[in-house]
1. According to the square roots a ≥ b ≥ c of the eigenvalues of the Cα gyration tensor, what is the shape class of region 353-403, taking rounded for a/c under 1.5, prolate for a/b larger than b/c otherwise, and oblate for the remainder?
2. Taking a 24 Å limit on the Cα-Cα distance, which of the listed pairs 10/581; 157/328; 64/614; 328/614 fall beyond it?
3. Using the per-residue mean of other Cβ atoms lying within 10 Å as a proxy for protection, in what order, highest first, do the peptides 430-437, 46-53 fall?
4. Pairs 100/449; 96/319; 47/443; 162/275: which exceed 27 Å Cα-Cα?
5. Got the relative contact order for region 372-453 handy, in percent, Cα pairs under 8 Å and 6 or more residues apart?
6. Note down the net charge around residue 440, summing +1 for each Lys or Arg and -1 for each Asp or Glu among other residues with Cβ under 15 Å from its Cβ.
7. Pull out the extension gain between residue 35 and residue 314, defined as 0.36 nm times the separation in residues minus the alpha carbon to alpha carbon distance; nm, one decimal.
8. Ranking request for peptides 218-225, 376-383: highest mean number of other beta-carbon atoms within 10 Å first, then the rest in descending order.
Amino acid sequence: MAKYLLDPIKSYEDYILYLKTAFGTRFKEHVADTQSFEEERERLLLKDQVLSREPWIEPIPSYKKIQNTDGKDMAITDFPTESFPGMDDNTAVLFKDFIKTGLMSYPLYLHQYNMLRQSLEGDDCVITSGTGSGKTESFLLPLFADLFKEAAQWAPKTESTKYRINAWWNKTRIEERNFVTRGSDNKGVLSSDVLQRPNETREAAVRAIVIYPMNALVEDQMTRLRKALDSDEIQKFMDERMGGNRIFFGRYNSETPIAGEFLFSDNPDEEKILKKKRINMRKRLQAIMKDLEQQSAQIERWVQSASDDDEKRSREDQKYTFQRVFGKDERTSSELRTRFDIQQTPPDILITNYSMLAIMLMRTAEGSIIEKTRAWLDGEPNKDNPTRIFHLIIDELHLNRGTSGTEIAYLIRLLLNRLGLSPESKQLRILSSSASLEGSDLKSLEFLKDFFARDFSSHNIIEGNRQESGQSYDKNVKLPTAPFIRIQQLYRNDQNCFDNYLATGTGPEVLEICKQSAKDLSDFCGYRLPDSDGINQLLSVLLSKELALTQRFYDLFDGPMGKNRAIPFDKHNGDNNILGKYFFEIFNTDDSSNYRAAAEGLIIARGLFDMFGKQFEAVNTLPRIRFHFFYKNINGLWATLD
């Protein structure tokens, strides 16, 4: 199996092939002019909206990066300290080094820097760039900046207050008094022998709540936060540069162990039952923590067993998909482990979804999270120029529409009310992301005001600006099909051909076909090919201003409904595409039998940059491509065949 997926269209077709194989019949041959059972069934399966939709293609363009006066892209450490309003020089240096160590060491997009600066100036910000434009980093940067302004004032940890590894679950015998103690209202609290953050010297409270519409997005966010706040490098940084302090985070949803409360009673009969429940809960939690520790050890062994440095780096990235209990050199994790840890010592960053937030606001078990956060906010000495800021972060804001959107808007109001914040409070900072809101659209501004009960202007909406191509071409002259059909046929004949060439450096047919395709394209557009092998010649002409492929992509995917819009790959039997655009229209379509193969070949050629295009990274403006496949569940699929 090929390592690189260069042809998603074939994957789409392979699904239909799977159905034909898995549900094959003996009625394969047609009789006279009559279709066979399987032929007619295949015709129905290929009809739009029966089993699937024609694949849709979405461009992921390159976005403008912020540059210095010399035109060089700037990473966070390249910014002067005055670029961060409200930060003193020492804090700014610390913040820059922290971001470079964990969140991002690569250059910033212009929209990411704009959001960081505007938020530090006290503005609410909504980022509205496209897929793959770093929207998550856009709201994490200002959040981390505000956290660092506060962290600069935290007292360094001492020998008696530093965070220690606490593997209570490995003890063979745990007395109940050493696990949970009786608190107010007959509710149990974890003892200092068990709590992840015992002897905390600063106020534990939620500085930011990040709300996602579904758990799958929560898990993706947790991966990023683990890399940004809980890697070995970041833990070492916090010990050496932050006095041993941590920025804690935690996920609070149905996956967070474990549901329930440790309850006590003065009634002997009730206490007997409750004690049994407490013991069972402790055993469940102990088993979960043992499994988590074993999983962490297995993942670390898997990372270390990588065969080469590239594979090890890949595995290092993948390991952040999973929670861990300890870091390197016996450092405690920055991710809170259990619901009870989150309830007793609320994390600086809490990640949840709307359903769980509604439950948290109704139950007494989570009341301490709200109460401690409110107490922290109430401790702000200067309400007109506050330093204690509560960050409300909502991803995929545009999904909150209609009746459900209204319910969520009231849920947000209830949360703010419980925290003692009015919608116009200066202690509230709203950071959000959306793929569709526009600063020039009055309806977008009206939506924001209605949702947050707070005024918004176009200034608050930060749009991502794509890197324009600077290319032009005769729009009446479409791309030729032959060079790309040649690429498509090469790959269809041997899906491992490019992988084998990458591994061995040999492949005469690969080089010859790429060379011929490159020559055809250079003859078409007047580009002079470099003296190189066929693959490099092909990639060079695809990036050339003469071919203007980037601009051709932009013109294809832009339309009355906006820029960078997804469109169908091809016309489909039963198609009802209201956009009236198709991916194949980038080609000369006089020969309708060839344009689909050519479009597939262009996709394969674009994918070659991931395999062979490292030397072109600095100048590659071609949009990446995302495919959307839509399938129905086949259970119970039936139709009448005439």
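1. oblate
2. Violating the 24 Å Cα-Cα cut-off are 328/614.
3. Per-residue mean Cβ counts within 10 Å order the peptides as 430-437, 46-53.
4. 100/449; 47/443; 162/275
5. Relative contact order, region 372-453: 39 percent.
6. With Lys, Arg at +1 and Asp, Glu at -1, the neighbours total -2.
7. 95.4 nm
8. 218-225, 376-383
No value in this document is a laboratory result; all are computed from the given coordinates. Note that this is a predicted model, so its numbers are computed, not measured. A quick note on method: Cβ atoms are made from the backbone with ideal geometry, for glycine too, and the neighbour counts reach across all protein chains shown.
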